[in-house]
Amino acid sequence: MHCPPATEHVVIGAGVAPCVVLATGARRQPERLLYPVTEAARRRGAAAATETASAKDAYAPYRGQEQPVRPEGWDRLPWA
């Protein structure tokens, strides 16, 4: 998936199978990020509570919900 600069986006997992999202990019300095409040993200439980430029504030409601897992076969991967 490609997101041009200033594109509002959110990645939401669906289903029960493991998934990996690898994100790369380059930001111009000074970095100007914005975590907007959008109805589409809100309907899916993925919106910032209030518009903010702070990742810490935007992700605060989700802190502690991380569920790191090692899928079956992980130890056989080249980097394991």
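Before moving on, here are some points about what is shown:
- Checking each residue in segment 6-43 for being closer than 30 Å to Glu72 by Cβ and more than 13 Å from the chain's Cα centre (by Cα) picks out Ala14, Gly15, Val16, Ala17, Pro18.
- Of all residues in segment 1-28, those that are more than 23 Å from Pro71 (Cα to Cα) have Cβ atoms under 8 Å from Cβ atoms of residues that are of a type in the set (D, E, K, R) and surrounded by 10 or more Cβ atoms within 10 Å (Cβ to Cβ), 6 or more apart or on another chain, in Val10/Arg44.
- For segment 29-58, the set of residues classified as assigned to a loop (DSSP other than H, G, I, E, B) and either under 19 Å from Ala14 (Cα atoms) or touching a residue at least 40 places away in the same chain (Cβ under 8 Å) (or both) consists of Arg44, Gly45, Ala46, Ala47, listed by residue number.
- Residues that are of a type in the set (Lys, Arg) and modelled with pLDDT under 80, drawn from segment 6-43: Arg27, Arg28, Arg32
- Candidate set: segment 59-76, residues that are in a loop (DSSP other than H, G, I, E, B) and acidic (Asp, Glu); chosen: the one nearest to the chain's Cα centre (by Cα): Glu66
The values are calculated or read from the model by the stated rules, or taken from the named source; none is laboratory data. The shown structure was predicted, so the numbers you read here are calculated from the model rather than taken from an experiment. As a convention, Cβ positions derive from the backbone with ideal geometry for all residues, glycine included, and neighbour counts pool all protein chains shown.
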